[in-house]
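Read the figures in this text as sums done on the coordinates, not as results from a lab. Keep in mind that what you see is a predicted model, and the values were worked out from it rather than measured. Every residue, glycine as well, gets a Cβ built from its backbone with ideal geometry; the counts of neighbours run over all protein chains shown.
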Amino acid sequence: MIPIMLYCLAYVLGILWGLYTECMALFCLILCFLIMKQKWKVIVICIIVFILAGCYTRFKISMYDNKYNDGDIIINAKIISDVIEKENTNSYILKSDSNDKFIMYVDKEKELKYGMKIIVEGEYDLPDTSRNRGGYNYRRYLNSQNIYGSIYAEKIEITDLPSFDFIYSIRKSIENTFDKMLPREHVGILQGMIIGDTSYISDETIQNFRDSGISHLLAVSGSNVVYILVVCKFIFEKIFGRNISNVLTIAFIILFMLISGGSASVVRATIMATLTIVSEFFSRKPNVFASISFAALCTLVYNPLIIYDVGFALSFARNHGNCTF
């Protein structure tokens, strides 16, 4: 087994140990296997990785659970999402000056825009955890998106108007182009497939896709990265040659990841595609299992609680089966 795969497995088990202490038994089984193989260097690294992952996970949990208390809150923040319309309220994603994210609920009469800087006063609500062991844990799901909790806004003061945002401007340009070409409902489906924005898709349409078993088509996935990779390499190699083509292709893949919102599957595919291109640049044959292990490590180091994201688990499981992006 490739060492990085073992390190990745040790890191995952370390995260699970940070969440559920009984996962130590699984790690002990791996150590027994390595001891029989007498891979002492790998054993030491795996133990270090396992302990660091467990401690890091517990630190992140403590931070998400204890940094903010239920009750009144006042923060300076920036709106980093378009409006998400609900039945009685609208919601936005906020990022505070300390880079902490929240969901903010406001009255429908309040009109806010992406990029506005505000001072919000309201009530902070720490999300519920699962009441039964193994049940759905809404708090950890939000934590997997780097969101601390919800703020029910009572007073909002706008301190600065939106400034130019390159990535956001590209997203809006794509949306406006689709709006001119297609009906609104079709635009929503196309946006969901290309840039991961499903806000314009009706609940009825989403349910129809679910009933048909093809709801995954409405989400951006690693397949989108493959399409961009193939098209960019074909076009750029004709114009600039191999080396410059590889650099430009990586840049376009990363740009697409940022435009699409950086879901777990897209991040995984972006990392794997980049490694494949880099290995081609050095005339090395890429190893799929090493690439997917490295992608998992990068994602989990950034946020170990993304392990609660079903999209993360399914993305890696599906890729393991197909050995593709």
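For region 219-269, dividing the convex hull volume of the Cα atoms by the residue count gives 59 Å³ per residue.
For region 226-319, the normalised intensity computed at q = 0.12, 0.21, 0.22 Å⁻¹ comes to -0.39, -1.05, -1.12 (log10 of I(q)/I(0), Debye sum over alpha carbons, equal scatterers, no solvent). Counting Cα-Cα pairs of region 36-87 in 5 Å increments starting at 0 gives whole-percent bin shares of 4, 13, 10, 11, 14, 11, 9, 8, 7, 6, 5, 2, 0. Rounded to the nearest 20, the Cβ-based charge dipole of region 66-193 about its Cα centre (Lys and Arg +1, Asp and Glu -1) stands at 580 debye. Full extension of the chain between Val230 and Lys86 yields a length gain of 48.0 nm, computed as 0.36 nm times the residue separation minus the alpha carbon distance.
In terms of the mean number of neighbouring beta-carbon atoms within 10 Å, the peptides 293-303, 61-71, 262-272, 168-178 order highest first as 262-272, 293-303, 168-178, 61-71.
So for region 34-147, what are the equivalent ellipsoid semi-axes in whole Å, largest first, each being the square root of 5 times an eigenvalue of the Cα gyration tensor?
Result for region 34-147: semi-axes of 39, 16, 13 Å.
Mean silhouette area of region 102-191, derived from the convex hull of its C-alpha atoms and averaged over all directions, reads 8.6 nm². Straight-line reach from Lys101: taking Cα to Cα under 16 Å and skipping same-chain neighbours fewer than 8 places apart, the lysines in range are Lys60, Lys67, Lys78, Lys117.
In percent, how large is the relative contact order of region 48-166, given Cα pairs closer than 8 Å and 6 or more residues apart? Answer for region 48-166 is 27 percent.
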